[in-house]
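Asker: My structure is below; once you've seen it, I'll send some questions.
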Amino acid sequence: MSRWSNNNPSADRRQRWLSYWHLLIALVSRDIRARYRRTVLGPLWAIIPAILATAIYSFLGGLVNVDSEGAPRLAFVFAATVPWTFFQSSVVRIPYGVISNGNLLRKMPVPRQIFPFVVLLTNFFDFLMAAVVLVIALQLLGIPITAAWLWLPLLVLQLGLLSWTVGIGVSAITIYRRDLLHGIGQIMQVWLFLTPVIYGSGELESRMQLLHTLNPAVGVIDGFRRVFVFGQPPDLNLLLTSLIVIGLGLLVAFPLFNTMSRYFADVV
């Protein structure tokens with residue numbers, strides 16, 4: 001009799017989740033290789049978007065004389081651009097990650113939630129590459145590594161949770177209304193300017209208090225900047241508020257995704 005027989009349901013369950021884990025790793029490995037295959041610069045494309053965005057945002061910030069709170073403008077903007085690029089890229093790519101795996105959905109029963117995780121982990125590779133460049137840039141600008149950097153794992157987890165929550169919510173709707181996919185990029189551009197990436201969190205708080213409170217990206221992005229550039233712990237009130245808003249969003253996005261994903265195989 002097989003060791004994974006019905007007489008041992010807990011072992012069957014472990015085996016099933018182990019197979020899902022192997023599938024997740026295989027899909028992430030496949031997507032990372034496919035993203036940089038046959039490219040001239042290869043993995044350098046993982047850091048180019050964040051570097052270009054930092055250059056543009058720094059230029060715009062200098063043009064309108066945005067206060068960088070005494071920090072070098074490049075560091076001030078770069079520290080916020082790296083996590084923002086991960087968030088924006090994840091939200092935009094998660095629906096396409098589901099669509100591109102349509103054949104797999106039709107061939108085998110797999111948890112639909114695995115495909116957003118594939119996108120997150122693939123983008124996390126880019127995030128790590130960009131973060132290494134950020135650390136080098138900070139050192140060149142004379143900004144030291146401090147004990148505040150111990151907060152980074154918590155910030156990364158909250159950034160991933162925010163990206164996953166928004167990503168699955170967007171996927172649940174756009175998989176069935178493909179024309180909405182074309183608007184995600186524009187929506188994220190608007191969200192960018194409503195988030196303290198180019199400017200500081202204090203400016204948003206003084207001018208648009210309600211938006212400062214309800215925008216779940218504010219606490220996370222501000223936290224990365226405080227830790228990397230100013231050597232300070234993140235604002236715990238902002239992080240907690242962000243976590244509450246993310247949690248409320250997850251209460252809507254997760255059931256919606258689970259309900260709609262039952263029919264993904266029929267439309268992707």
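The values are calculated or read from the model by the stated rules, or taken from the named source; none is laboratory data. Just so it is clear, the structure is predicted and the values come from calculations on it, not from any experiment. Because the Cβ atoms are built from the backbone with ideal geometry, glycine has one as well, and the counts that use them run over all protein chains shown. Keep in mind that these areas ignore ligands, DNA and RNA; they rest on the heavy atoms of the full protein, side chains included. Shrake-Rupley method; radii C 1.70, N 1.55, O 1.52, S 1.80 Å.
Asker: I'd like the residue in the range 188-227 that is among the aromatic types (F, W, Y), surrounded by 15 or more Cβ atoms within 10 Å (Cβ to Cβ) and under 19 Å from the mean Cα position of the chain (by Cα) and, out of all such residues, is farthest from Q113 (Cα to Cα).
Answerer: F224
Asker: Going through the range 179-211 one residue at a time, which ones are among the hydroxyl-bearing types (S, T, Y) and out of contact with any His (no Cβ under 8 Å at 6 or more places or on another chain)?
Answerer: Once the filter is applied, which keeps residues that are among the hydroxyl-bearing types (S, T, Y) and out of contact with any His (no Cβ under 8 Å at 6 or more places or on another chain), the range 179-211 yields T195, Y199, S206.
Asker: Can you tell me how many residues in the range 121-150 are under 14 Å from G97 (Cβ atoms) and free of Cβ contacts under 8 Å to residues at least 60 places away in the same chain?
Answerer: 2
Asker: Taking only pairs six or more apart or across chains, which ones have beta-carbon atoms under 9 Å, a first residue in the range 19-48 that is among the charged types (D, E, K, R), and a second residue that is modelled with pLDDT under 70 and open to solvent by 70 Å² or more (accessible area, probe 1.4 Å)?
Answerer: R35/W45
Listed here are the residues, each with its yes/no results for (1) at pLDDT below 90; (2) on the phi < 0 side of the Ramachandran plot; (3) touching a Gly at 6+ places or on another chain (Cβ under 8 Å).
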site	(1), (2), (3)
P111	yes, yes, no
V118	yes, yes, yes
F127	no, yes, no
V133	yes, yes, no
A137	yes, yes, no
L141	yes, yes, no
L150	no, yes, no
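Asker: Among the residues in the range 7-22, are any crowded, with 17+ Cβ neighbours inside 10 Å, under 24 Å from the mean Cα position of the chain (by Cα), within 25 Å of I114 (Cβ to Cβ) and modelled with pLDDT of 70 or more?
Answerer: Within the range 7-22, not a single residue is crowded, with 17+ Cβ neighbours inside 10 Å, under 24 Å from the mean Cα position of the chain (by Cα), within 25 Å of I114 (Cβ to Cβ) and modelled with pLDDT of 70 or more.
Asker: What are the residues in the range 23-40 that are among the β-branched types (V, I, T), at pLDDT 75 or above and closer than 15 Å to N123 by Cβ, if any?
Answerer: The one that is among the β-branched types (V, I, T), at pLDDT 75 or above and closer than 15 Å to N123 by Cβ: V28.
Asker: Under 6 Å by Cβ, and 6 or more places apart or on different chains, what pairs join a residue from the range 231-253 that is open to solvent by less than 80 Å² (accessible area, probe 1.4 Å) with one that is outside any helix (DSSP H, G or I) and among the polar types (S, T, N, Q)?
Answerer: G231/T146
Asker: Scan the range 197-217 and give yes if some residue there is at pLDDT below 90, part of a loop (DSSP other than H, G, I, E, B) and touching a Gly at 6+ places or on another chain (Cβ under 8 Å), otherwise no.
Answerer: Yes.
Asker: Hey, P153 hits all of (1) touching a residue at least 12 places away in the same chain (Cβ under 8 Å); (2) surrounded by fewer than 18 Cβ atoms within 10 Å (Cβ to Cβ) but one; which does it fall short on?
Answerer: Among (1) touching a residue at least 12 places away in the same chain (Cβ under 8 Å); (2) surrounded by fewer than 18 Cβ atoms within 10 Å (Cβ to Cβ), P153 violates only (1).
Asker: Here are some residues: L140, L162. Which one is open to solvent by 80 Å² or more (accessible area, probe 1.4 Å) and under 24 Å from V227 (Cβ atoms)?
Answerer: L140
Asker: Please determine whether any residue of the range 172-187 is free of Cβ contacts under 8 Å to residues at least 12 places away in the same chain, open to solvent by 50 Å² or more (accessible area, probe 1.4 Å) and either aromatic (F, W, Y) or not in a helix (DSSP H, G or I) (or both).
Answerer: yes
Asker: Suppose we keep only residues that are open to solvent by less than 60 Å² (accessible area, probe 1.4 Å) and either aromatic (F, W, Y) or more than 16 Å from F115 (Cβ to Cβ) (or both) within the range 254-268. Which one would you say is modelled with the lowest pLDDT?
Answerer: F264
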